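Student: Have a look at this one.
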Amino acid sequence: MQFQQLQYFVAVAETRHFTRAADLVHVAQPSLSQQIKALERELGADLFLRARGNITLTDAGEALLPLARRILADADTARHEVQELAQLRSGRVRLGATPSLCTGLLPDVLHAFHDRYPGIRLLIEEGGSHDLVRELARGALDLALLVLPLPTPSPALTTLELLTEDLVVVSSPDAPAPGRGRRALRIADLEGARLVMFRHGYDLRELTVAACRAEGFEPDFAVEGGEMDAVLGFVRAGLGVAVVPRMVATRSGRGLRVTPLAQPGLHRTIALAHRSDVAPPRAARELQRMLLEH
């Protein structure tokens, strides 16, 4: 008994027509009929009553049909499981993230993922949340780490909140401490301070500027337009202070003074997003699981 013969048998049983069954399984009708006859010879029983324009199952055919369907379903499950496992031995994951998350959150998680699945290539794209949403929507990314709320709400994306992170103020130890050396700064203490500011489109820029304006003042920029590494370097050089995520300050804080913000402080919510209409590949789902557990 061959697997292919069972496929042909089920196709005929469901269509009750040899020609339509042959079209369904993409084989010539004479070949399908020959395989059905070979199956009947092996089983020692007719499976179909063949009358012109009327194909019905015999008792033997009725008994075989649920068993054949189960065998085909089990084979399909086996194929799917093996393919899923194979995806974890090779393949790729395309992950988008904001630059601050690439610096703060991702290194440890990607190290653990690479140790567990060394055959998976990790393709990382840095960008602002707005750009990453666009790349997700056009299918250029499997997953993206974004800052909520999204610049433009998108029903085409599914988002899972990962964490809420505090923001802190970093400054050079060689420069005067902001806020006259207070242990915790208020946003109002940044009035008149020279800020090192991220480029336009950076989530942290919009968040910081909005917080300053809510306190009734416009921030004063000493330098603006940099990415995360550049901003931290400018702060170390004493050009000004910056508001950055606590994870970034903890990981990259060497040569920096880190001062928390007084309650209620500033926070940002990090989420993991993927397209709602397409399930991420198995390797991407595994990376998603590790990020959610981190």
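Student: The range 208-281: which trypsin sites (Lys or Arg not before Pro) are DSSP loop and have at most 13 other beta-carbon atoms within 10 angstrom?
Tutor: For trypsin sites (Lys or Arg not before Pro) across the range 208-281 that sit outside H, G, I, E and B with at most 13 neighbouring Cβ atoms in 10 Å, the list reads R254.
Student: Could you check the spin-label model distance between Q83 and R251? Points 7 Å from the Cα along Cα→Cβ, value in nm.
Tutor: Placing both labels 7 Å beyond Cα along the Cβ direction yields 3.5 nm.
Student: In terms of modelled amide H atoms, which long-range or inter-chain residues lie less than 5 Å from the amide H of R257?
Tutor: Placed amide hydrogens put S171, S172 under 5 Å from R257.
Student: Over all distinct alpha-carbon pairs, what is the Kirkwood Rh of the range 182-235 in angstrom?
Tutor: 11.6 Å
Student: Pick out, in residue order, every one of the trypsin sites (Lys or Arg not before Pro) in the range 104-191 that is DSSP loop and has at most 11 other C-beta atoms within 10 Å; say none if there are none.
Tutor: When the trypsin sites (Lys or Arg not before Pro) of the range 104-191 are filtered for loop state and at most 11 Cβ neighbours within 10 Å, R138, R183 remain.
Student: For D23 and L49 in one chain, what is 0.36 nm times their gap in residues minus the Cα-Cα distance, to one decimal in nm?
Tutor: 7.3 nm
Student: Tell me, what is the percent relative contact order of the range 83-151, built from C-alpha pairs under 8 Å that lie six or more residues apart?
Tutor: Relative contact order for the range 83-151 comes out at 45 percent.
Student: Whose amide H sits under 5 Å from the amide H of L162, counting only residues 5 or more places off or on another chain, with H placed in the peptide plane?
Tutor: I270, A271, L272
Student: Which distance in Å, rounded to a whole number, links the C-alpha centroids of the range 266-294 and the range 29-69?
Tutor: Here the answer is 48 Å between Cα centres.
Student: For volume of the Cα convex hull per residue in Å³, several values are listed as (i) 132; (ii) 166; (iii) 114; flag the one computed from this structure.
Tutor: Calculated volume of the Cα convex hull per residue in Å³: the matching label is (ii).
Student: Taking K and R as +1 and D and E as -1, what net charge do the other residues with C-beta under 14 Å from the C-beta of E165 add up to?
Tutor: 0
Student: What is the spin-label model distance, in nm, from D131 to E227 if the labels are put 7 Å beyond Cα along the C-beta direction?
Tutor: The two pseudo-label positions are separated by 0.8 nm.
Student: Indicate the gyration tensor shape class of the range 190-272 (rounded, prolate or oblate), computed on the Cα atoms with a ≥ b ≥ c the square roots of the eigenvalues: a/c under 1.5 is rounded; otherwise a/b larger than b/c is prolate and the rest oblate.
Tutor: Values: a/c = 1.30, a/b = 1.08, b/c = 1.20.
It is rounded, given that a/c, with a ≥ b ≥ c, falls under 1.5.
Student: Stretch D220-V278 to full length: gain in nm at 0.36 nm per residue minus the Cα-Cα span?
Tutor: Gain in length upon complete extension: 16.4 nm.
Student: In the calculated pair distance distribution of the range 130-214, what percentage of Cα-Cα distances lie above 17 Å?
Tutor: Summing the P(r) of the range 130-214 above 17 Å gives 60 percent of all pairs.
Student: Can you give me the accessible area per residue for the range 1-68, using a 1.4 Å probe, in Å²?
Tutor: 58 Å²
Student: How much length, in nm to one decimal, is gained on full extension between E293 and Q2, taken as 0.36 nm per residue of separation minus their Cα-Cα distance?
Tutor: 100.3 nm
Student: According to the square roots a ≥ b ≥ c of the eigenvalues of the Cα gyration tensor, what is the shape class of the range 45-111, taking rounded for a/c under 1.5, prolate for a/b larger than b/c otherwise, and oblate for the remainder?
Tutor: Cα axes put the range 45-111 in the prolate bin.
Student: How many angstrom lie between the Cα centre of the range 196-224 and the Cα centre of the range 1-23?
Tutor: Each part's Cα centre sits 68 Å from the other's.
Student: Right, something else. For the chain, which whole-number percentage of the solvent-accessible area (1.4 Å probe, protein heavy atoms only) is attributable to carbon and sulfur atoms? Intermediate values should be presented prior to the final figure.
Tutor: Values: 7820 of 15410 Å².
Answer for the chain is 51 percent, counting heavy atoms of protein chains only.
Student: Also, I was wondering about something else. Would you be so kind as to identify which of A21, T250, A193 lies farthest towards the positive end of the dipole of the chain, taking Lys and Arg as +1 and Asp and Glu as -1 on Cβ and the Cα centre as origin?
Tutor: T250
Student: Please work out whether the range 46-182 counts as rounded, prolate or oblate from its C-alpha gyration tensor, where a ≥ b ≥ c are the square roots of the eigenvalues and a/c under 1.5 means rounded, while otherwise a/b larger than b/c means prolate and anything else oblate?
Tutor: It is prolate, given that a/c is not under 1.5 and a/b is the larger ratio.
Student: Next question. What does the charge add up to near R205, with Lys and Arg as +1, Asp and Glu as -1, over the other residues with Cβ less than 10 Å from its Cβ?
Tutor: Local charge sum for R205: -2.
The values are calculated or read from the model by the stated rules, or taken from the named source; none is laboratory data. What you are looking at is a predicted structure, and each value in this text was computed from that prediction instead of being measured. Note: ideal-geometry Cβ built from the backbone for every residue, glycine included; neighbour counts use all protein chains shown. What goes into the accessible areas is simple: the full protein's heavy atoms, side chains included, and nothing from ligands, DNA or RNA. Shrake-Rupley method; radii C 1.70, N 1.55, O 1.52, S 1.80 Å.
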